[in-house]
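Rule-based calculations on the coordinates, nothing more; no lab input. Since this is a predicted model, take the numbers as computed values, not measurements. A quick note on method: Cβ atoms are made from the backbone with ideal geometry, for glycine too, and the neighbour counts reach across all protein chains shown.
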């Protein structure tokens, strides 16, 4: 069967639960050409990982396939090794001095204050009232920029996120470029004012970074900021929803004593980043299918994260799953540089869910954003359970 018939990823039912579609693709069309995406779509874990770990064959750098891309638009995610190695290593070195724990603690304090002040009598939206302010606080403190109003950043976030979806890329590309310029306008002045312990300050303290092209470093910082926000924001919503649907989940996470393993299992299970794209740098094959030079390839990392050939009980949450080589942060030379801060933030968040989830119930069905590359709740309507007894572990 033609996979494109199965794979209509912006339909409402697919947005709310794409995993049955991914499972069917793996069985019936593990690699297929989609005219709507104008790309090959790959869903098996072994094939996705092969594409992601071989920049010599599958590139992120569109200049290698004849596209015109200005140097001022480059980031470490848009160029391949060896060109991105120096800045990538500088980021990793700087994280040793970044105050990630402090950024997480301050964000969690805000999370608990915002959640506690919500109405005892009326439903409220967890995403806008709690998740967005918390994620913004974390991203601003981590990167080192002044606080941004959550409602203001939502517009930037939506334009950047929609511009990543290939089906509507032409429509939203200009809006994504506009949003990038706005975010760059936040990062630029912060380069001179970011406090010690922030990503910006500690990155520029690494030898050689100040001599790198300004736009290249600034653009990468902008991308890191949006990644920090979007990972925190989307995962807070999906994790909270899971704990509301599985009322014993938060308690089981705490009692295992393995928060880090649990966070990575929830990331595998929910896969906030659904896909990422590459271009064939030469004529090659994937799973026996001929791929022409310059062909785009969309790797469905959310499908790969539930591949039964790799993960036992792929559709179940196994909190102590180890090893757990999920692809939620990518793989290979473009593996997300912010994976460790994201895991730290989500570990702090998950540890608090055991106390807070018993106090709330779903007030209505949640709705999901009409975005496919990032899977994220739009509205998570909650009501306070005034009869609930808080569950606190000592």
For region 24-154, the percent of all C-alpha pairs falling in each 5 Å bin, from 0 up to the bin holding the max distance, is 2, 8, 11, 11, 11, 11, 15, 15, 10, 5, 1, 0
Distance from region 19-90 to region 186-240 (C-alpha centre basis), Å
23 Å
Extension gain (nm, one decimal) between residue 370 and residue 255, 0.36 nm per residue minus Cα-Cα:
37.8 nm
On each of the three principal axes of the Cα atoms of region 139-228, give max minus min coordinate, whole Å, ordered largest first.
41, 28, 17
Under the definition of Cα pairs under 8 Å and six or more residues apart, what whole-number percent is the relative contact order of region 100-231?
25 percent
Which of 207, 198, 72 ends up with the largest GNM mean-square fluctuation for the chain, with Cα atoms connected below 10 Å?
207
Once you've got the GNM for the chain with C-alpha springs shorter than 10 Å, pick whichever of 187, 259, 286 has the biggest mean-square fluctuation.
286
Please report the base-10 log of the normalised intensity I(q)/I(0) for region 122-191, using a Debye sum with one equal scatterer per alpha carbon and no solvent, at each q in 0.11, 0.18 (1/Å).
-0.32, -0.77
Mean Cβ neighbour count within 10 Å, used as a protection proxy, ranking 308-314, 29-35 highest first
29-35, 308-314
Evaluate E = 1/(1 + (r/R0)^6) for residue 119 and residue 35, where r is the Cβ-Cβ distance and R0 equals 41 Å; express this FRET efficiency to the nearest 0.05.
0.30
CD proxy at 222 nm, helix term only [per DSSP H run n ≥ 4: -39500 (n - 2.57); per residue of the chain; nearest 500]
-14500 deg cm²/dmol
Between 173, 54, 122, where does the largest GNM mean-square fluctuation fall for the chain, given springs only between Cα atoms within less than 10 Å?
122
Here the relative contact order (percent) of region 3-384, from C-alpha pairs under 8 Å and at least 6 apart, is 27 percent
How large is the Kirkwood hydrodynamic radius of region 6-101, in angstrom, based on all distinct alpha carbon pairs?
16.6 Å
Calculate the FRET efficiency for residue 192 and residue 109 from the Cβ-Cβ distance with a Förster distance of 22 Å, rounded to the nearest 0.05.
0.20
Determine one quarter of the surface area of the Cα convex hull of the chain, which equals its mean projected area, and express it in nm² to one decimal.
18.7 nm²
Volume of the Cα convex hull of region 148-293, divided per residue and given in Å³
216 Å³
Taking only Cα atoms of region 71-139, radius of gyration then Dmax in Å:
18.3, 57
